[in-house]
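Structure first, commentary second.
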Amino acid sequence: MNQVIDLLKKHRSIRKFKDEQLDQDTIRELVTAAQAASTSSYVQAYSILGVTDPDKKAALREISTQPYVEHNGHLFVFLMDYNRHVELSKEKGTPIDYDKTEQLIVGTVDATLAAQNLAVAAESMGLGMCYIGSLRNDMARVIEILELPKGVAPLFGMVVGRPDQEGSQKERLPFEAVYHENTYTPVAEVKDAIDSYDARISAYYKERSGGKRDDSWSDQVIGMLGKKQRLDVDQVLKGQGFLGQ
């Protein structure tokens with residue numbers, strides 16, 4: 001099998017790391033790999049902020065509630081960033097706007113593509129990683145902790161380091177439920193495949209938890225999506241100059 005594809009298929013989140021900090025050469029190599037990702041119209045509407053200050057990491061852990069946000073080889077925070085574009089536009093005397101939905105999408109996609117490049121690069125080096133979406137539990141506080149200027153918004157974090165656990169791999173949705181050709185396949189036509197998948201995920205959780213948990217994938221995600229979450233994000237983004245005022 002192609003080695004890159006094999007690496008991608010073996011991905012798993014790592015949430016416990018050895019007490020070894022990444023050296024600067026490794027950090028530079030990872031960030032350079034991230035920058036090689038595709039970027040919409042060459043805009044490069046993102047920045048990557050490394051957090052090494054113990055107090056800042058502890059404060060971010062309080063927001064996330066996950067211990068590995070504080071204890072890892074390195075914490076990267078991926079930022080949607082139009083601040084540099086605004087500052088450069090002032091210098092050139094050509095005002096720009098970034099408050100439309102399209103710019104929000106561009107910045108989010110740019111940052112995410114870069115992050116996935118960094119994740120794959122880290123795993124190719126024998127490192128483990130885990131995305132940290134829970135930094136959005138209090139986006140305003142993250143902005144305060146990291147002293148982010150207007151035009152910049154924290155999207156998610158990523159912890160990277162030398163694994164101190166094997167981790168476990170969760171099966172993804174069946175191919176038939178994800179891949180559509182020429183037109184969107186109705187859910188009813190792939191329901192049997194999803195039901196079988198639900199049964200396997202339930203068995204996975206039951207075995208992993210010693211019988212304490214046996215919810216299916218659909219039960220889990222419908223329950224989560226049925227709750228209103230992080231309602232402050234819209235207002236915080238608008239305060240940073242996104243999505244109009």
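Quick look at the numbers
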read-out	value
Convex hull volume per residue for the stretch 175-214, taking Cα atoms only, in Å³	59 Å³
Listed residues THR185, GLN169, ILE143: farthest to the positive end of the dipole of the stretch 137-195 (Cβ charges)	ILE143
Cα gyration tensor shape for the stretch 1-48, rounded if a/c is under 1.5, else prolate or oblate	oblate
Relative contact order computed over the stretch 89-163 (Cα-Cα under 8 Å; 6+ residues apart), in percent	31 percent
Charge dipole (the stretch 1-113, unit charges on Cβ, about Cα centre) - positive-most of ALA59, ASN2, GLY93	ASN2
Base-10 log of normalised Debye intensity for the stretch 84-190 (one unit scatterer per alpha-carbon) at q = 0.13 Å⁻¹	-0.81
Within the stretch 1-84, GluC sites (Glu not before Pro) in DSSP loop having at most 13 other beta-carbon neighbours inside 10 Å	GLU20
Sparse-neighbourhood loop sites, GluC sites (Glu not before Pro) in the stretch 126-217 - DSSP loop, at most 16 other Cβ within 10 angstrom	GLU147, GLU166, GLU171, GLU181
Paired Rg and Dmax values of the stretch 102-162, which use every Cα atom, in angstrom	13.0, 37
Normalised contact order of the chain, rounded percent, pairs of Cα under 8 Å and 6 or more residues apart	26 percent
Convex hull projection area averaged over all views, the stretch 141-239, Cα basis, nm²	10.8 nm²
Dipole axis of the chain (+1 Lys, Arg; -1 Asp, Glu on Cβ), positive-most option in LEU113, MET125, ILE194	ILE194
Whole-Hz ³J(HN,Hα) from phi, Karplus 6.51 cos²θ - 1.76 cosθ + 1.60, for the stretch 227-242, glycine and proline x	9, 7, 10, 6, 5, 7, 4, 4, 5, 5, 4, 5, x, 8, x, 9
Estimated 222 nm signal from helices in the chain, with DSSP H stretches of n ≥ 4 weighted -39500 (n - 2.57), rounded to 500	-13500 deg cm²/dmol
Only Lys, Arg (+1) and Asp, Glu (-1) charged, at Cβ; the stretch 68-108 dipole about Cα centre in debye	120 debye
Dipole magnitude of the stretch 102-185 about its Cα centre (Cβ charges: Lys, Arg +1; Asp, Glu -1), debye to nearest 20	180 debye
Electrostatic dipole magnitude of the stretch 3-168 [Cβ: Lys, Arg +1; Asp, Glu -1; Cα centre; debye, to 20]	300 debye
Cα gyration tensor shape for the stretch 1-87, rounded if a/c is under 1.5, else prolate or oblate	oblate
Tilt relative to the chain, helix 83-92 - C-alpha long axis, 0 to 90 degrees, to 10	30 degrees
Straight-distance crosslink candidates among lysines, where the alpha carbon sits under 29 Å from LYS191 and sequence neighbours closer than 8 are dropped	LYS9, LYS10, LYS170, LYS206, LYS212, LYS227, LYS228
0 to 90° range, to nearest 10: angle between helix 191-208 axis and the chain longest Cα axis	90 degrees
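All of the numbers you see were taken from the coordinates with simple rules; none came from a lab. What you see is a predicted model, and the numbers here were worked out from it, not measured in a lab. Positions of Cβ are generated from backbone atoms using ideal geometry, with glycine treated the same way; all protein chains shown enter the neighbour counts.
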